[in-house]
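The values are calculated or read from the model by the stated rules, or taken from the named source; none is laboratory data. Because the structure is a prediction, the values reported are computed rather than measured. Positions of Cβ are generated from backbone atoms using ideal geometry, with glycine treated the same way; all protein chains shown enter the neighbour counts. For accessibility, only protein heavy atoms count, side chains too; no ligands or nucleic acids. Shrake-Rupley method; radii C 1.70, N 1.55, O 1.52, S 1.80 Å.
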Amino acid sequence: EVPAALPRDLEGLRVAISAGGTREPLDPVRYLGNRSSGKQGYALARVAAQRGAEVTLVAGHTAELPAPAGATLARVSTAEELRTAMRSAAAEADVVVMAAAVADFRPASRAEHKIKKSDDAPDPVLTLDRNPDILAELVRERRDGQTVVGFAAETGDEHGSVLEHAHAKLRRKGADLLVVNAVGDGKAFGTEDNSGWLLTADGGEEAIPLGAKARLAATLWDAVTALRARRSR
Ligand code: CTP
Ligand code: CA
């Protein structure tokens with residue numbers, strides 16, 4: 001449980017958070033999307049604002065969620081829109097958190113008119129293009145003293161465990177912190193609770209017990225403030 005009276009320990013901190021899923025249009029009525037609810041990103045924004053931070057929340061598509069009190073909310077749809085909004089928010093932020101589920105691929109072309117089926121023509125084949133890696137780009141553009149946080153949903157496979165994949169992803173992206181959720185079996189997507197690990201760039205690894213998404217948010221903000229305090233000494 002999050003205590004009723006939260007510390008105002010994020011006073012003066014400007015944070016930019018992305019949440020929810022992107023949608024990549026195929027034609028005027030169809031898109032490629034994902035099941036992200038946005039709940040974890042919204043919880044991060046709400047808790048940060050309650051603790052005194054100046055919050056910009058860039059939200060893609062989400063379940064129906066109340067706007068977090070005290071946060072500036074920008075709504076986006078595609079990965080490209082999310083990228084533009086996050087780059088401009090990040091330019092004025094001390095902490096950047098990419099909690100959004102960004103589509104890795106988008107349809108290579110967007111039909112101007114609704115795609116029709118026809119008995120005289122072959123069925124369409126979808127060609128996809130890679131979307132930009134927004135987190136990696138925000139790391140490359142990082143301002144002095146800025147802290148960058150990523151999220152990763154991982155399953156283990158024949159190439160490695162959840163944590164091995166996650167440590168490799170953190171190194172690849174160059175972020176300061178990575179929140180890792182193990183997925184599969186109905187975990188994480190759309191649920192009220194979350195669990196996982198918090199990884200730091202120096203190889204640190206802290207388990208996050210199963211709890212409300214607001215609880216995980218509080219743990220992440222504690223880790224961010226601890227990291228920033230270490231760096232400023
Ligand atoms: N992310 C991003 N831009 C993308 C894809 C992902 O900024 N085009 C961010 C997510 O918001 C998240 C982090 O990168 O903070 C990790 O996302 P994830 O999908 O786990 O990583 P990917 O690099 O896309 O690798 P994978 O092939 O495992 O999906
Ligand atoms: Ca991905």
Rounded to whole Hz, the Karplus (6.51, -1.76, 1.60) HN-Hα couplings of segment 42-49, x for glycine and proline: 5, 4, 4, 5, 4, 5, 4, 5
Bins of 10 Å, starting at 0 and running to the largest distance - Cα pair percent for the chain: 8, 31, 36, 16, 6, 2, 0, 0
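What order do 126, 32 take when sorted by accessible area (1.4 Å probe), most exposed first? Don't jump to the answer; show the numbers that get you there.
Details: 126 100, 32 55 Å².
Sorted descending by solvent-accessible area, the residues read 126, 32.
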Restricting segment 12-44 to trypsin sites (Lys or Arg not before Pro) in coil, as DSSP defines it, with at most 11 other Cβ within 10 Å: 35
Send over the per residue convex hull volume for segment 10-136, Cα only, as a whole number of Å³. 101
Which whole-Hz ³J(HN,Hα) couplings does segment 148-156 yield from phi under the Karplus relation 6.51 cos²θ - 1.76 cosθ + 1.60, θ = phi - 60°, glycine and proline marked x? 10, 10, x, 10, 9, 9, 10, 10, x
With bins of 10 Å, the percent of all Cα-Cα pairs of segment 108-201 per bin from 0 is 13, 30, 25, 18, 11, 2, 0
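How large a share of the accessible area of the chain, in percent, is made up of carbon and sulfur atoms when the probe is 1.4 Å and the other protein chains stay in place?
49
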Placing each pseudo-label 7 Å from Cα in the direction of the beta carbon, residue 222 and residue 32 end up separated by a distance in nanometres of 3.9
Any chance you could run the full-extension gain for residue 232 through residue 128? It's 0.36 nm times the residue separation minus the Cα-Cα distance, nm to one decimal. 33.1 nm
Give the accessible surface of segment 1-99 per residue, rounded to a whole number of Å², with probe radius 1.4 Å and ligands, DNA and RNA excluded. 45
Kindly express, to the nearest 10 degrees and within the range 0 to 90, the angle between helix 213-232's C-alpha long axis and the longest C-alpha principal axis of the chain. 60
With a 1.4 Å probe and every protein chain left in place, tell me how much accessible area residue 36 has, in Å² to the nearest 10. 20
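Take the Cβ-Cβ distance between residue 140 and residue 115 as r, set R0 to 30 Å, and report the resulting FRET efficiency rounded to the nearest 0.05.
Details: r = 36 Å, r/R0 = 1.21.
Computed FRET efficiency for residue 140 and residue 115: 0.25.
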What is the set of long-range amide H partners of residue 76 at a cut-off below 5 Å, with H atoms built 1.01 Å from backbone N? 59, 60
I need the calculated FRET efficiency for the pair residue 191 and residue 75, taking r as the beta carbon distance and R₀ as 25 Å, to the nearest 0.05. 0.60
How big is the Kirkwood radius of segment 160-233, worked out from every pair of different alpha carbons and given in Å to one decimal? 13.0
